[in-house]
Amino acid sequence: MSPEKSRPTVLIARALLPAGRELLAAEAELREGGLDATPERIAELAGGVEAIVADPTVRVDDALFDAAGPGLRVVANFAVGTDNIDLEACRARGIPATNTPDVLTNATAELALALTLAAARGATGAERTLRAGEWSGWDPGAFLGLELSGATFAVIGLGRIGYRYAELVRPLAGELLYVSRAPNRRAEDELGAERAELSEALQRADVVSLHVPASPETHHLIGAAELEAMLSHAVLVNTARGPIVDARALAAALQSGEIGGAGLDVYEAEPDVPEELLEAPCCTLLPHIGSATTRARDGMARTAAQNVLAVLGGDEPPNRVV
């Protein structure tokens, strides 16, 4: 961007870490909503901006585009998922939308592994018992969990994060199943993975880990019928998006012992978590921290900023979704 030209204005809808914010501040005027920004406040700040940096909590749709005005040139999401963005509205208006792939793959896959281990061994409930002073000593029949060595793992969705999770659990797995729209020859050749339909994977797997995007097609992909099909000792892990799982059906399945446990990092109406899940047994719950490592979040911030600066500089953004 030429120094003679006026600096563009970029709206950071909520917050952006310094690794990205500083890149933007060197080239543009910034407006920042802050972590407590309401949709109304974000719309108020959007007037006349050329770029918006959003995150999974910010709804980007026609209303926000109208508030920004005709000068809006790009929406950069501080996330891999784009379910908070009306992509059709972006297409109709010719506004590029971008995301932040790759940089959070390891962090999110590792958290999925952590949730798998915690849920399989009932770590949350055991810790709660200890902290409450209710542990009366070693008991050979207490806190019995699922041993993962030799277990059958089903990876639902074999994108970047799903594939990395599959790599991480491969040394443990007796069998490794994957559910995908198309065969993944790399997974089959390198990991010995077997492609299966969702119904078959649910019936066979000791661990089911979800790695699909949120979409109308995947809304409540795991509901009462799917949970009933799972093994009674099986563990369900979700680090993808909350709406993929019917939370109330899951809570009921945990209460009845229909499945063995669950590990969740995402919820349908964040930050609200259904009371039924909070009270459900054998359920490890985390506050959407899948990408929460310093390396990943800094990488995401830089990537979001680089996408914005590319468009403002007249170039194609490196991580364009539409």
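Read the figures in this text as sums done on the coordinates, not as results from a lab. Treat the numbers as computed from the prediction; the structure is a model and nothing was measured. Here Cβ is always computed from backbone atoms with ideal geometry, including for glycine, and neighbour counts include all displayed protein chains.
Summary table below
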{"item": "The chain: antiparallel DSSP beta bridges as a percent of all, rounded to 5", "result": "5 percent"}
{"item": "Note, ³J(HN,Hα) from phi for the range 256-268, Karplus 6.51, -1.76, 1.60, rounded to Hz, x at Gly and Pro", "result": "7, x, 5, 10, x, x, 8, x, 10, 10, 9, 9, 5"}
{"item": "Residues whose placed amide H lies under 5 Å from that of residue 80, excluding near-sequence neighbours", "result": "100"}
{"item": "Highest to lowest packing among 50-58, 22-30, scored as the average C-beta count within 10 Å", "result": "50-58, 22-30"}
{"item": "Inter-probe distance in nm under a simple model that places probes 7 Å from Cα toward Cβ, at residue 57 and residue 92", "result": "2.8 nm"}
{"item": "Whole-angstrom gap from the range 245-303 to the range 12-51, using each part's C-alpha centre", "result": "28 Å"}
{"item": "Footprinting exposure proxy for 36, 66 (fewest neighbouring C-beta atoms within 10 Å first)", "result": "36, 66"}
{"item": "Average Cα contact separation per residue, the range 1-54, under 8 Å, 6 or more apart, as relative contact order %", "result": "48 percent"}
{"item": "Karplus (6.51, -1.76, 1.60) ³J(HN,Hα), θ = phi - 60°, over the range 289-303, in Hz, Gly and Pro reported as x", "result": "10, x, 9, 7, 10, 4, 4, 5, 5, 5, x, 5, 5, 5, 5"}
{"item": "As computed over the range 200-322, the Cα convex hull volume per residue (Å³)", "result": "129 Å³"}
{"item": "Charged-residue dipole, Cβ positions (Lys, Arg, Asp, Glu), the chain about Cα centre, Debye nearest 20", "result": "820 debye"}
{"item": "Relative exposure of 272, 298, judged by other C-beta atoms within 10 Å (fewest first)", "result": "272, 298"}
{"item": "Spin-label model distance (nm) - residue 322 vs residue 143, 7 Å beyond Cα toward Cβ", "result": "4.9 nm"}
{"item": "Normalised contact order of the chain, rounded percent, pairs of Cα under 8 Å and 6 or more residues apart", "result": "20 percent"}
{"item": "Gain on full stretching of the segment that runs from residue 224 to residue 132 - 0.36 nm per residue minus C-alpha separation", "result": "29.9 nm"}
{"item": "Relative contact order of the range 218-312, pairs being alpha-carbon contacts under 8 Å that are 6 or more residues apart, as %", "result": "26 percent"}
{"item": "Kirkwood Rh, angstrom, the chain [1 / mean 1/r, Cα pairs]", "result": "21.0 Å"}
{"item": "Estimated distance in nm for a label pair at residue 315 and residue 203, the labels positioned 7 Å out from Cα along Cα-to-Cβ", "result": "5.2 nm"}
{"item": "Per-pair calculated FRET efficiency, R0 = 30 Å: residue 66 and residue 27 via Cβ, rounded to 0.05", "result": "0.70"}
